[in-house]
Amino acid sequence: MTTPRDPRDLIRQHDEQAMAGEDAAVSDVVGPVDSVFTALWRWILRTWARLFGKPTEKAEGGRLRDLLDELTAKIVGIGLDPADALLHHAQRARLMGADQGAREAGIPSLTNPGEVSQETRDAIDRGVKWAQEKLATGADELKRLEQADLAEVLRQASVARQAQAILERTARTTWNNELNEGIRAAAKEAGARLVWVAERDACVDCLALSGRVVDWDGEFDWRLTFGKKAQRPPGGVLKGPARHPNCRCRLSPWFGHDTEGALSVTHDWADAIKEAQARGDQVAVDAARRAAAAAADSASFDLPAALRREAERSILNGYALPSEGEKVRIQAADRLLAAIGTGKNSRAPSGWQVPASVKKRAERALRKGTFTTRSVPTAR
């Protein structure tokens, strides 16, 4: 008997490709802005040293006014209009998502996965506008200074530099939005459903959705969370990732953990293969066989259940990114342990029997108020 293929292996490969594409988008969009601000910071330091000497020297009067006027002019003059670059990378993300989704579903690549969504276009417009407003606000704050040392000048200039972080967040979020829209298009083409896939150190909200399945055009329950209360999405509708800024969750086509249902979810693959053979269409034959194999793999490996187990294990082990406070993770583990119960054969909400060693490790963390490690082990 062969071991069922774990579809997470292919999903992880696709994750690496997607993250490389995301980083390329950030570099393209934010890199030029970062270079401008880096040069501007050097100019501030050099000019201050030339005019006032010590960084702690309190400056005022005409020389300070001249420095601030020149600095604000440099900030206002930053040509911040990356909308085209953001839109370009969003389209690339959709194409990549469609290709990855097709591979995961076992169907030929989509020739037309659709254009960038209006929601993503609106998000790009909002992000660029917000970044431009930060530049203007930073310039205005500098104009108001009547006396200052170097630290104060840099602090006020940093308001303008927040534009850089805004653009990075916009690039990452819109990339992932469109990546998942491409995957959704592939699932629609294949007649598959969609399963939410969260990273092992995802936030407590996203981990609660990992392994949840909806129709390709369905909505996920945004109320699900391992935390105290989930944040409501705009409009109260959650079609898929990104659930929040910098979210790296993804979707994956899912045919169902049922052999008969999985093999018939799109059409009768055996008849499709025969028809393609009769036409002498080897491309169609190969495509139908790949789709049948993907459906069979779906039937032999319960991906949603595996993802839900992995998410609960992550909560009990305290895996998290530095951006999420440890208190949040401790409280999440406490709630999950309470749901599991103390019985010897007690099970987690997803149905798996939690090993005693995992429970004990989580209980020790609760008593100490801290987890031994929060990083996900590199070995899979």
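The values are calculated or read from the model by the stated rules, or taken from the named source; none is laboratory data. All figures in this text were calculated on a predicted structure; none of them were measured in a lab. Every residue, glycine among them, receives a Cβ derived from its backbone with ideal geometry; neighbour counts consider all protein chains shown.
Picking from residues in the stretch 229-268 that are assigned to a helix (DSSP H, G or I) and either in contact with a Pro (Cβ under 6 Å, 6 or more places away or on another chain) or surrounded by fewer than 21 Cβ atoms within 10 Å (Cβ to Cβ) (or both), the one that is modelled with the highest pLDDT is G236. Being among the basic types (K, R), within 16 Å of the chain's Cα centre (by Cα) and more than 18 Å from S323 (Cα to Cα) is the filter here; which residues of the stretch 223-249 pass it? Within the stretch 223-249, K239 is the sole residue that qualifies.
In the set A85, A59, only one residue is among the small types (G, A, S), in contact with a strand residue (DSSP E or B) (Cβ under 7 Å, 6 or more places away or on another chain) and within 30 Å of E141 (Cα to Cα); that residue is A59.
Among the residues making up the stretch 1-39, those that are more than 30 Å from M96 (Cβ to Cβ) and either among the basic types (K, R) or over 31 Å from the mean Cα position of the chain (by Cα) (or both) are M1, T2.
Could you give every pair whose Cβ atoms fall below 9 Å, whose first residue belongs to the stretch 342-364 and is over 11 Å from R309 (Cβ atoms), and whose second residue is of a type in the set (S, T, Y) and in a loop (DSSP other than H, G, I, E, B), counting only separations of at least 6 or pairs across chains? From the stretch 342-364, the pairs are K359/T342; K359/S346; R361/T372; R364/T372. Among the residues of the stretch 331-380, those that are at pLDDT below 90 and on the phi > 0 side of the Ramachandran plot comprise G341, G351.
Looking across the stretch 77-97, the residues that are farther than 18 Å from R126 by Cα, under 21 Å from the mean Cα position of the chain (by Cα) and either surrounded by fewer than 22 Cβ atoms within 10 Å (Cβ to Cβ) or of a type in the set (A, V, I, L, M) (or both) come down to R92, A93, L95, M96. Residues of the stretch 51-71 that are over 45 Å from the mean Cα position of the chain (by Cα) and either assigned to a helix (DSSP H, G or I) or not assigned by TED's automatic domain parsing to the domain that holds K143 (or both): L51, F52, G61, G62, R63.
I'd like to check something: does the stretch 320-339 contain any residue that is hydroxyl-bearing (S, T, Y) and within 15 Å of A202 (Cα to Cα)? Yes, some residue in the stretch 320-339 is hydroxyl-bearing (S, T, Y) and within 15 Å of A202 (Cα to Cα). Of all residues in the stretch 1-50, those that are in a loop (DSSP other than H, G, I, E, B) and in contact (Cβ under 8 Å) with a residue 60 or more places away in the chain total 4.
Criterion first (surrounded by fewer than 13 Cβ atoms within 10 Å (Cβ to Cβ) and either closer than 14 Å to L207 by Cα or in contact with a Pro (Cβ under 8 Å, 6 or more places away or on another chain) (or both)) does P304 satisfy it? In short, no. Of the residues E152, E146, the single one that is closer than 22 Å to L45 by Cα and surrounded by 13 or more Cβ atoms within 10 Å (Cβ to Cβ) is E152. Restricting attention to the stretch 130-143, report how many residues are charged (D, E, K, R), under 30 Å from the mean Cα position of the chain (by Cα) and crowded, with 16+ Cβ neighbours inside 10 Å. Residues meeting the conditions: 1.
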